[in-house]
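Take a look at the structure set out below.
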Amino acid sequence: MDLLRCMIPVVKTPKDYQAYRISPKDTNRLAIVFDPAIANASLTYCVEIFDIGGKTPPNRHQYATEMFFILKGEGRATCDGKTVDIKTGDSILVPPTSIHIIENTGQERLYALCIMVPNEDFAELIRSGTPVELDREDLAVLRGSAPVLC
């Protein structure tokens, strides 16, 4: 019996990402990279893009752990009333049931990789929003070719 299962890896580039604004007044956008339909696993992996001054509404997840890695920019993360400043290269782990907010406090957009496990209908929530385009700045950051400002 063959215990190994071979799966062809899925490769995507930033031009393949589908981006959405969950509700019209949101100041952040989410670009889905992988979700349960693609990954054949209960996870959502996206890039969250915050406009200057943008933030998530306070939110919580019953079962999911949410992880963020800051690709570019600076901001503030609040989890269950505890607040920390965040910047490029920082990571945040939000356990299930924690009420949390991520906000952009910088003078440019804030970009964060976001992974949620299990999915807990996160990908479906994102896709229920309004589709938006990634602009040149977004694509430059996602390709790793954006200028770094000191």
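Which whole-angstrom value gives the distance between the alpha carbon centres of region 34-86 and region 95-150?
For region 34-86 versus region 95-150, the Cα centre distance is 7 Å.
Quick one: net charge of ASN104's neighbours, Cβ under 13 Å, K/R +1, D/E -1? Could you put the intermediate results ahead of the total?
Details: positive: ARG29, LYS55, LYS72, ARG76, LYS87, ARG109; negative: ASP26, GLU48, ASP51, GLU74, ASP85, GLU103, GLU108.
Net charge around ASN104: -1.
Using unit Cβ charges (K, R positive; D, E negative) and no other charged atoms, how large, in debye to the nearest 20, is the dipole of the chain about its Cα centre?
Dipole magnitude for the chain comes out near 140 debye.
Using Cα springs under 10 Å in a Gaussian network model of the chain, which residue among THR13, THR65, THR130 shows the largest mean-square fluctuation?
THR13
If each of THR65 and LEU113 carries a label point 7 Å out from its Cα toward its Cβ, how far apart are those two points in nm?
It is 1.6 nm.
Based on DSSP H runs of at least 4 residues, each adding -39500 (n - 2.57), what is the mean residue ellipticity at 222 nm of the chain after dividing by all its residues, to the nearest 500 deg cm²/dmol? Don't skip to the end; give the middle numbers.
Numbers: 3 runs with 17 residues, N = 150.
It lands at -2500 deg cm²/dmol.
Taking 7 Å along the Cα-to-C-beta vector as the label spot, tell me the THR13-THR83 distance in nanometres, rounded to one decimal.
For the pair THR13/THR83, the computed spacing is 4.2 nm.
Quick one: length gained pulling ASN40 to ASP135 fully straight, 0.36 nm per residue minus the C-alpha distance? Could the numbers behind the result be given before it?
On the way: separation 95, 0.36 × 95 = 34.20 nm, distance 2.90 nm.
Length difference between fully extended and current span is 31.3 nm.
Rule-based calculations on the coordinates, nothing more; no lab input. What you see is a predicted model; the values in this text were computed from it and never measured. With ideal geometry, Cβ positions are generated from the backbone for all residues, glycine too; neighbour counts draw on all protein chains shown.
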